[in-house]
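Here the structure is laid out as structure tokens; the discussion comes afterwards.
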Amino acid sequence: MIKTVLKTILRLAVFVLLQVWILNRLHLFGIVEPFLYIYVILKLPISISRSHGILISFLSGFVIDVFSNTPGMHAAACTLIGFLRYPLMGVYVEKELAAHVTPSYHTFGVAAFMRYAATLTAIHHVALFLIESVSLFDPAFLFLRIFASVMLTTVCIFVLEAFHVKRRSND
């Protein structure tokens, strides 16, 4: 249990630093913004209680908000995906999973993990960009930002997960 907690804290620290120092400065074509820190929320162990998952999700978003000067936007979006994470696991994973596992290609299966990650990424980005825009003044541009950012973040998550699986199989 302690090993899982330490691994989660280390993963959160690495991804928050990556997000704050590098990815927050990356705005492709003024439209696409990758939010790779949500990978930590996606990879929370199944054994973690729903309330702890929501709390960790909120704190992840809050830390990003503090460093990004976005008052509550990331915290709200992360809390939402932390809340919806468990029901989505039940929808996409048909088999009974051991409590100590984390969501991955190996434990969920490739297709189920991809649907799980893509759905939570889309929910996060829709919530985040809707909160940021406050209005639907330019819905076409808003949709383009959401779609492009979801695609980039999802592809990055898939690549990260593929390297994680490959590295794990080489050990």
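Residue check, residue 155 against (1) more than 22 Å from residue 7 (Cα to Cα); (2) open to solvent by less than 70 Å² (accessible area, probe 1.4 Å); (3) at pLDDT 90 or above, all met but one. Which one?
(2)
Being among the aromatic types (Phe, Trp, Tyr) and within 21 Å of residue 144 (Cβ to Cβ) is the filter; apply it to the range 10-36 and report the residue that is surrounded by the most Cβ atoms within 10 Å (Cβ to Cβ).
35
For residue 86, all conditions in the list (1) open to solvent by 30 Å² or more (accessible area, probe 1.4 Å); (2) under 22 Å from residue 15 (Cβ atoms); (3) more than 17 Å from the chain's Cα centre (by Cα); (4) of a type outside the set (D, E, K, R) hold save one; what is the number of the exception?
It is condition (3) that residue 86 fails.
Open to solvent by 10 Å² or more (accessible area, probe 1.4 Å), among the polar types (S, T, N, Q) and closer than 23 Å to residue 151 by Cα - does that describe any residue in the range 41-56?
So far as the range 41-56 goes, no, none of its residues is open to solvent by 10 Å² or more (accessible area, probe 1.4 Å), among the polar types (S, T, N, Q) and closer than 23 Å to residue 151 by Cα.
Check whether at least one residue in the range 26-42 is of a type outside the set (S, T, N, Q), under 20 Å from residue 160 (Cα atoms), modelled with pLDDT of 90 or more and in contact with a Pro (Cβ under 7 Å, 6 or more places away or on another chain), and report yes or no.
So far as the range 26-42 goes, yes, one or more of its residues are of a type outside the set (S, T, N, Q), under 20 Å from residue 160 (Cα atoms), modelled with pLDDT of 90 or more and in contact with a Pro (Cβ under 7 Å, 6 or more places away or on another chain).
For the structure I just gave you, tell me whether residue 66 is open to solvent by less than 20 Å² (accessible area, probe 1.4 Å) and of a type in the set (Val, Ile, Thr).
no
The values are calculated or read from the model by the stated rules, or taken from the named source; none is laboratory data. Because the structure is predicted, anything quoted here is derived from the model rather than measured. Every residue, glycine among them, receives a Cβ derived from its backbone with ideal geometry; neighbour counts consider all protein chains shown. All accessible areas refer to the heavy atoms of the entire protein, side chains included, with ligands and DNA or RNA removed. Shrake-Rupley method; radii C 1.70, N 1.55, O 1.52, S 1.80 Å.
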